[in-house]
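The values are calculated or read from the model by the stated rules, or taken from the named source; none is laboratory data. Source: prediction; values computed, not measured. Note that we place each Cβ from the backbone using ideal geometry, even for glycine, and neighbour counts take in every protein chain shown. Protein only, heavy atoms only, side chains kept; ligands, DNA and RNA dropped before computing areas. Shrake-Rupley method; radii C 1.70, N 1.55, O 1.52, S 1.80 Å.
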Amino acid sequence: MRNTSGGCEASPSRSRSTGSAASELPIRWAGTRAFLIECSSLDEVMRWHAQLSAHPYPGQLDVLAAAETVLMTFSTRAAARKAASDVVTAHLDQADAATGKTVDIDVIYDGEDLAEVGKLTGLGERGVIEAHTGTEWTAAFGGFAPGFAYLVAQGDPLKVPRRDSPRTAVPAGSVALAGRFSAIYPQRSPGGWQLIGHTNAPLWDVNREEPALIRPGDTVKYRAVRELVEVTSDSSAGAKSDTRDDLSRGLVIEDPGMQSLLQDAGRPGLGDLGVVASGAADQASAAQANRLVGNSPDAAVIETMLGGLSIAARGHHVLALTGAPAPAHIAGPNGQRSASVGAPFALYDGERLNLDAPSAGLRSYLAVRGGFSTPEVLGSRSTDVMSGIGPQPLSAGDELPVPTVAPGRAVGEPETPAVAIPTAGEPTALRVTPGPRDDWFTPGAIETLTNQEWVVSSQSNRVGVRFDSPADENLLERSREGELASEGVVAGSLQVPHSGVPVLFLADHPVTGGYPVIAVVIPEDLPLAAQLPPGASVRFTLVDPELSDPERPPQDDATP
């Protein structure tokens, strides 16, 4: 891209830190490895998205379009800063946004809100149907859920508000309107859009080469029909391997404990499809477990929460346990013994490994030499608990095959923990950078965020860490009214709903969000955030990427 006049304005955050070139035209940083570019129109969003997708910067992981912004995420802080110094003055090509395929959607117009939409638009029911089918709709961007695409039409022929009261469950295949957009719900989910009909078009199928039927840039033509041709699909949100008849080498789940999942490095780069990267919540501990048994860092491991996991070995294996220090006991024909956390150990054929509740932290990681050869879904074996993509949570009787390891990969030496696990009774410090939407809050909100302790709620999960309301009602106060148009968010975002209590997004966070993000926990502290148990207290510490070194580990001995 040529460094000439920009066609899209990068909007400044009140608190920000950029490189020397980027400081001339500030952008909204979303942590240290991502930033938002705010555009003046949806057309510019689509054109920037097409250009940045076709010509990615070094280290670019994802580029995500939304109603008014484009979110760019990178693998390192240095890559993000280099791209930021160029993109704020980059030239937007004059070519139109990327055009894709044409998708015909058969619709039965029998939606519960069709009559209401007819009144709101003054068109009547028949007029709504004619307007909906008489125009071509363009997929502007994705998000919300896998396969969900926001469609726009020239002239906004059917602009209607959302329902006053959202539905708790909208059926899959519902054709809906909200604002200037039309969309189809790929799966059953809550929603506040106006429902005008339904279709059985397979919007999302992980078994297809292109899982999403509609992608950004595609053209959609709706067709009114009296009945729908039945469409069958072998797809499922996740695959569950069943090799019980021939499993000769592997691990058998006898008890999954509270929750045990297969996780790896995740599936980044699919934000446009509404798919978050997911992967291990504590990536540092997962990578360490793999390193100890001689696997590649992205091999699948078992992520188990608060102990209780029991597994049996078929064949001889080398395992390693990291993360929350759960006491491990091995029982077999030759008696009992213990296994140490942070060191490789053997589990022989017929032996059973049992994990007790950890003495600190929340999530423990178990790696086996060779990894697990379960089926991949969209290039990953990770379980995304929010969207349901990937394998189902592990249950009693599940058999996990383990391949034979090729020579040349050495088993590691014992290591100190990769993450300083939170200690009960002591507040955990998490470092944050301000923005991208800190200017939506009063000047005292950042002080409120950083000057008090926040207590982790029992409602927390892999989607995010939730906090109890402070006893003194010292909440994060907004400085402006109105709603923020949904935009891309990153792991570590501290999103603040109207309650004034932040939510810290973790691995399975939504791709987009409509509440302002006051600050972002730096990536290096996310493994620590993933280990916060209910009742733990947190203090957020503001850091300036220009004046500090946010990429250092939280403690000097945290990284071997």
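Determine the order of ARG437, ARG33, ARG188 by accessible area, beginning with the largest, at a probe radius of 1.4 Å. Present the calculation step by step, with values, prior to reporting the outcome.
Working: ARG437 10, ARG33 65, ARG188 165 Å².
Descending accessible area places them as ARG188, ARG33, ARG437.
Return the whole-Å distance between the Cα centroid of the stretch 280-296 and the Cα centroid of the stretch 168-204.
40 Å
Obtain the nm distance between the two label points defined at SER41 and LYS101 by a simple spin-label model: each point lies 7 Å from its Cα along the Cα-to-C-beta direction.
Reported label-point gap for SER41 and LYS101 is 3.0 nm.
What does the extension gain come out to for GLU477 and GLN336, with contour length at 0.36 nm per residue minus their alpha carbon separation?
45.1 nm
Report, by chain and number, residues whose modeled amide H sits under 5 Å from the one on LEU362, excluding near sequence neighbours (fewer than 5 apart, same chain).
ALA324
For MET72, MET386, MET46, write out the residues from largest to smallest accessible area, computed with a 1.4 angstrom probe and no ligands counted. All intermediate terms of the calculation are to be shown ahead of the outcome.
Numbers: MET72 0, MET386 85, MET46 30 Å².
Heavy-atom accessible area, descending, gives MET386, MET46, MET72.
If you plug each phi of the stretch 207-214 into the Karplus form 6.51 cos²θ - 1.76 cosθ + 1.60 with θ = phi - 60°, what whole-Hz ³J(HN,Hα) values come out, in order, with x for Gly and Pro?
8, 7, 4, 10, x, 8, 5, 10
Could you calculate the FRET efficiency of ARG126 with ASP468 from 1/(1 + (r/R0)^6), where r is the beta carbon distance between them and R0 is 45 Å, rounded to 0.05? Kindly include the intermediate steps, with their values, before the conclusion.
Numbers: r = 52 Å, r/R0 = 1.16.
Calculated value: 0.30.
Would you mind checking the tilt of helix 77-87 against the longest principal axis of the Cα atoms of the chain, expressed as 0 to 90 degrees and rounded to 10?
On a 0 to 90 degree scale, this one is about 20.
Select from the stretch 461-518 those GluC sites (Glu not before Pro) which occupy a DSSP coil region and have at most 11 other Cβ atoms within 10 Å, ordered by residue number. Mind showing how you got there, number by number?
Working: sites: GLU473, GLU477, GLU481, GLU483, GLU487; in loops: GLU473, GLU477, GLU481, GLU483.
Hits after loop and neighbour filter: GLU473, GLU481, GLU483.
For SER493, list long-range residues whose amide hydrogen, built 1.01 Å from N in the peptide plane, is under 5 Å from its own amide hydrogen.
The list, which skips near neighbours in sequence, is PHE505, VAL521.
Report the dimensions of the chain along its three principal axes from the alpha-carbon atoms, largest first, rounded to Å.
80, 58, 50
Label the stretch 298-404 by shape, choosing from rounded, prolate and oblate, from the square roots a ≥ b ≥ c of the eigenvalues of the Cα gyration tensor; if a/c is under 1.5 it is rounded, and otherwise prolate applies when a/b is larger than b/c, oblate when it is not.
Details: a/c = 1.89, a/b = 1.33, b/c = 1.42.
Oblate is the answer for the stretch 298-404, as a/c is 1.5 or above yet b/c matches or exceeds a/b.
Return one number: the angle in degrees, 0 to 90 and rounded to the nearest 10, between the long axis of the Cα atoms of helix 124-133 and the longest principal axis of the Cα atoms of the chain.
Around 70 degrees separate the two axes.
Which whole number of Å³ per residue matches the convex hull of the alpha-carbon atoms in the stretch 255-304? Present the calculation step by step, with values, prior to reporting the outcome.
Details: hull volume 4.2 nm³, N = 50.
Cα-based convex hull of the stretch 255-304, divided per residue, equals 85 Å³.
Give a residue-ordered list of calculated ³J(HN,Hα) values for the stretch 351-358 (Karplus: 6.51 cos²θ - 1.76 cosθ + 1.60, θ = phi - 60°; whole Hz; x for Gly, Pro).
With coefficients 6.51, -1.76 and 1.60, one gets 7, 10, 10, 10, 10, 8, 5, x Hz.
Determine how large the accessible area of SER40 is when every protein chain is in place; take a 1.4 Å probe and give Å² rounded to the nearest 10.
Near enough 100 Å² of accessible area.
Could you give the spread of the C-alpha atoms of the stretch 348-450 along their three principal axes, from largest to smallest, in whole angstroms?
Largest first, the stretch 348-450 extends 61, 33, 33 Å along its Cα principal axes.
Going 7 Å from the Cα of ASN461 along its beta-carbon direction, which residues of the stretch 247-290 have the amide nitrogen within less than 20 Å of the resulting point?
Within reach of a label on ASN461: 256-264, 266-267, 274-283.
Could you tell me what fraction of 2.2 N^0.38 Å the Cα radius of gyration of the stretch 281-321 comes to, as a two-decimal ratio?
Values: Rg = 11.0 Å, N = 41, 2.2 N^0.38 = 9.0 Å.
In units of the globular-protein estimate, the stretch 281-321 measures up at 1.22.
Please label the shape of the stretch 409-495 as rounded, prolate or oblate, based on the square roots a ≥ b ≥ c of the eigenvalues of the alpha-carbon gyration tensor (a/c under 1.5 means rounded; beyond that, a/b larger than b/c means prolate, else oblate). Walk me through the numbers before you get to the answer.
On the way: a/c = 2.46, a/b = 1.72, b/c = 1.43.
Note, shape of the stretch 409-495 comes out prolate.
Under the rule a/c < 1.5 gives rounded, and otherwise a/b versus b/c splits prolate from oblate, where does the stretch 449-498 land using the Cα gyration tensor? Numbers along the way, then the final one.
Numbers: a/c = 2.09, a/b = 1.14, b/c = 1.83.
Oblate, because a/c is 1.5 or more while a/b does not exceed b/c.
Any idea how many Lys pairs in the chain come in under 25 angstrom at the alpha carbon, given 8 or more places apart or on separate chains?
On the way: LYS101/LYS159; LYS101/LYS221; LYS119/LYS159; LYS119/LYS221; LYS159/LYS221.
Count of close lysine pairs: 5.
Can you list the HN-Hα couplings for the stretch 101-110, worked out from phi with the Karplus curve (6.51, -1.76, 1.60; θ = phi - 60°), rounded to whole Hz and with x for Gly and Pro?
Each residue of the stretch 101-110 in turn: 7, 9, 10, 8, 10, 7, 10, 9, 8, 9 Hz.
In degrees, nearest 10, range 0 to 90: what is the angle between the Cα axis of helix 42-54 and the longest Cα principal axis of the chain?
On a 0 to 90 degree scale, this one is about 40.
Take the Cβ-Cβ distance between LEU542 and GLU227 as r, set R0 to 45 Å, and report the resulting FRET efficiency rounded to the nearest 0.05.
Numbers: r = 60 Å, r/R0 = 1.33.
It comes out at approximately 0.15.
If amide H atoms are built 1.01 Å from N in the plane of the peptide, which residues on other chains or at least 5 residues away come under 5 Å of the amide H of LEU309?
So LEU309 has HN proximity to LEU355.
If ARG162, ARG337, ARG267 are ordered by their accessible area, calculated over protein heavy atoms with a 1.4 Å probe, which sequence runs from highest to lowest?
Working: ARG162 135, ARG337 85, ARG267 5 Å².
Largest accessible area first, the residues go ARG162, ARG337, ARG267.
May I ask for the Rg/Rh ratio of the stretch 43-193, computed from Cα atoms with Rh as the Kirkwood radius, given to two decimals? Show your work: numbers first, answer last.
Working: Rg = 18.2 Å, Rh = 17.4 Å.
Radius of gyration over Kirkwood radius for the stretch 43-193 works out to 1.04.
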